[in-house]
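The values are calculated or read from the model by the stated rules, or taken from the named source; none is laboratory data. Computed from a prediction, not measured in an experiment: that's the story for all the values here. Because the Cβ atoms are built from the backbone with ideal geometry, glycine has one as well, and the counts that use them run over all protein chains shown. Note: accessible area is taken over every heavy atom of the protein model, side chains too, but ligands, DNA and RNA are not part of it. Shrake-Rupley method; radii C 1.70, N 1.55, O 1.52, S 1.80 Å.
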Amino acid sequence: MKKIAVFTSGGDSPGMNACVRAVVRSAIFNGLEIYGIRRGYNGMIKGDIFKMESSTVSNIIQRGGTILKSARSKDFVTKEGRQQAYNQLKEHGIEGLVAIGGDGTFTGANLFYEEFGIPTIGAPGTIDNDLYGTDFTIGYDTAVNTAIYAIDKIRDTADSHERVFFVEVMGRDSGYIAIPCAVGGGAEIVMIPETKTTIEKVVDALKTGWSRSKTSFIVIVAEGDEEGSAVEIAAKVQKEIPQMDARVTILGHVQRGGAPTAADRMLASQLGIACVEGLLAGRACEMAGIVNSELVYTPFIETITKVKALNPNYGRMIDILSV
Ligand code: F6P
């Protein structure tokens, strides 16, 4: 293998740039030519491919977002799209790929390998931390810290006005972001897709809190909770407690940006190197991850289909801490 390419795909996450840097530098260290593909699979289809040098990735380790841009490609889902992508890679002489992204990215890479035999090794780049095969994904630590920084500010105003704040954090399918936000942000209640928390339970918790002279509350809602969005949940609770003074804050894409934390830079650098070394060792269709402090490669199919279960004790922890 002489020429490889790197791309970022799906929702961006802080630390993607640090990972791109590690891929580029370790490719050069190993005597490979390294190319960047802009805008994920869309750029692969269009041939938006350029040669990268060590200097191309200077001064990016601390930057959020991704210098390669990112996209969720509809065209790559089609056979014609993947054929065009293959033609472009062939034309550029690219023999291996490093994909930095989440489950959608790895689903595409798996199919692409089955059809065209181009090996891909993945690095888990998503704030959601919901990928099987790694304890932490690149960007998760930063996203949680960004959210907690915001929640601390919300607590101040909640306390001054004696209000109930419903704070929505990201995580369509998982409570991985919500749980540390609730623990670290001192929330009274957390609502996540993995466990059912009824409106009745929220109402009871608020009433119990008031009876114990609490005057302000934080309810953390993961965007994928089965009771709905934070706006919908606040409205349902308001119906049961008309005198409640409630506000809703949706943290949204604020969680996706910003300078990566030291932990994310470290993880991104380790995994970027592991991706290149994995390709050189003849691996394909696997994600590099860290499990119990050890580097592991997990087949894409497992990262996509297996569920990384959330520790069930976390809910109990929040109940204890909010007494
Ligand atoms: O997968 C990362 C993520 O930020 C999710 O937490 C969120 O549900 C989704 O992406 C939002 O996607 P988009 O930026 O395309 O609206």
**Message:** Please go through (1) surrounded by 16 or more Cβ atoms within 10 Å (Cβ to Cβ); (2) among the hydrophobic types (A, V, I, L, M, F, W, C); (3) in contact with a strand residue (DSSP E or B) (Cβ under 6 Å, 6 or more places away or on another chain) for V203 and return the number of the only condition it doesn't satisfy.
**Reply:** (3)
**Request:** Hey, can you tell me all the residues within the stretch 237-260 that are open to solvent by 20 Å² or more (accessible area, probe 1.4 Å), in contact with a helix residue (DSSP H, G or I) (Cβ under 9 Å, 6 or more places away or on another chain) and free of Cβ contacts under 8 Å to residues at least 60 places away in the same chain?
**Result:** K239, E240
**Request:** Could you tell me whether P193 is open to solvent by 10 Å² or more (accessible area, probe 1.4 Å), touching a Gly at 6+ places or on another chain (Cβ under 8 Å) and within 16 Å of the ligand (Cβ to nearest atom)?
**Result:** yes
**Message:** Please go through (1) under 26 Å from C19 (Cβ atoms); (2) within 16 Å of the ligand (Cβ to nearest atom); (3) in contact with a Gly (Cβ under 7 Å, 6 or more places away or on another chain); (4) not charged (D, E, K, R) for Y140 and return the number of the only condition it doesn't satisfy.
**Reply:** (3)
**Request:** Kindly provide the set of residues from the stretch 213-230 that are in contact (Cβ under 8 Å) with a residue 24 or more places away in the chain and open to solvent by 40 Å² or more (accessible area, probe 1.4 Å), ordered by number.
**Result:** K214, T215, E223, E226
**Asked** Out of curiosity, is E168 within 16 Å of the ligand (Cβ to nearest atom), assigned by TED's automatic domain parsing to the domain that holds Q238, open to solvent by 10 Å² or more (accessible area, probe 1.4 Å) and of a type in the set (D, E)?
**Response** yes
**Prompt:** Of everything in the stretch 1-26 that's open to solvent by less than 10 Å² (accessible area, probe 1.4 Å) and part of a loop (DSSP other than H, G, I, E, B), which residue is nearest to the ligand (Cβ to nearest atom)?
**Reply:** S13
